1. Working only within the stretch 16-53, note down all residues that are part of a loop (DSSP other than H, G, I, E, B), farther than 12 Å from residue 69 by Cα and out of contact with any strand residue (DSSP E or B) (no Cβ under 8 Å at 6 or more places or on another chain).
2. From (1) at pLDDT below 90; (2) exposed (fewer than 14 other Cβ atoms within 10 Å of the Cβ); (3) part of a loop (DSSP other than H, G, I, E, B); (4) more than 13 Å from the chain's Cα centre (by Cα), pick out the condition that doesn't hold for residue 56.
3. Of the residues that make up the stretch 182-198, is at least one outside any loop (DSSP other than H, G, I, E, B), closer than 16 Å to residue 59 by Cβ and in contact with a helix residue (DSSP H, G or I) (Cβ under 8 Å, 6 or more places away or on another chain)?
4. So how many residues does the stretch 174-192 have that are loosely packed, with under 13 Cβ neighbours inside 10 Å and more than 18 Å from residue 132 (Cβ to Cβ)?
5. Taking the stretch 1-15 as the search range and keeping residues that are within 16 Å of the chain's Cα centre (by Cα) and assigned to a loop (DSSP other than H, G, I, E, B), which one is surrounded by the most Cβ atoms within 10 Å (Cβ to Cβ)?
């Protein structure tokens with residue numbers, strides 16, 4: 001359990017965040033850590049987000065239980081686990097730039113789990129060359145959601161997804177202002193919870 005717990009920050013730092021047991025310990029297999037992972041999930045310290053093989057309704061029918069990402073309880077816990085000084089966050093230290101994506105995705109996940117109405121998934125193509133951070137199901141549509149830590153809004157994976165599946169609505173969370181254009185909404189990070197509350201008619 002300690003190996004798994006201490007290995008979480010490194011897993012979240014990777015560009016493709018699919019959880020890989022072999023990164024915890026050389027030669028590790030899923031069966032070696034299943035009970036430890038189950039305990040952390042059951043006690044609420046860790047949340048499991050499975051891959052959906054196809055963005056279709058209902059998402060639960062397309063769950064790939066063997067491929068998943070893990071998120072911690074909250075951003076504060078993740079920051080403490082990696083020993084991140086608060087001044088690094090406030091001063092936008094350039095040495096922190098790569099890990100800021102992991103913290104931002106963790107933050108967005110926390111906003112999503114406040115909505116109890118749905119289960120969260122992520123999507124990647126079969127070649128693992130494109131990945132959407134989260135895909136949401138509001139009962140009528142499948143909505144892809146990409147997360148950006150800065151104001152840079154370029155997203156190759158979201159473009160691939162939209163061209164292939166033509167969703168009615170796509171979301172992007174970032175530090176940029178609210179923008180709607182061609183079925184794509186950019187949501188400022190500070191406004192996520194209010195938007196999701198309206199989105200799910202809660």
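1. 24, 25, 26, 27, 28, 29, 43, 44
2. (1)
3. No, because not a single residue in the stretch 182-198 is outside any loop (DSSP other than H, G, I, E, B), closer than 16 Å to residue 59 by Cβ and in contact with a helix residue (DSSP H, G or I) (Cβ under 8 Å, 6 or more places away or on another chain).
4. 5
5. 14
The values are calculated or read from the model by the stated rules, or taken from the named source; none is laboratory data. Since the structure is predicted, the reported quantities are computational estimates derived from the model, not experimental observations. As a convention, Cβ positions derive from the backbone with ideal geometry for all residues, glycine included, and neighbour counts pool all protein chains shown.
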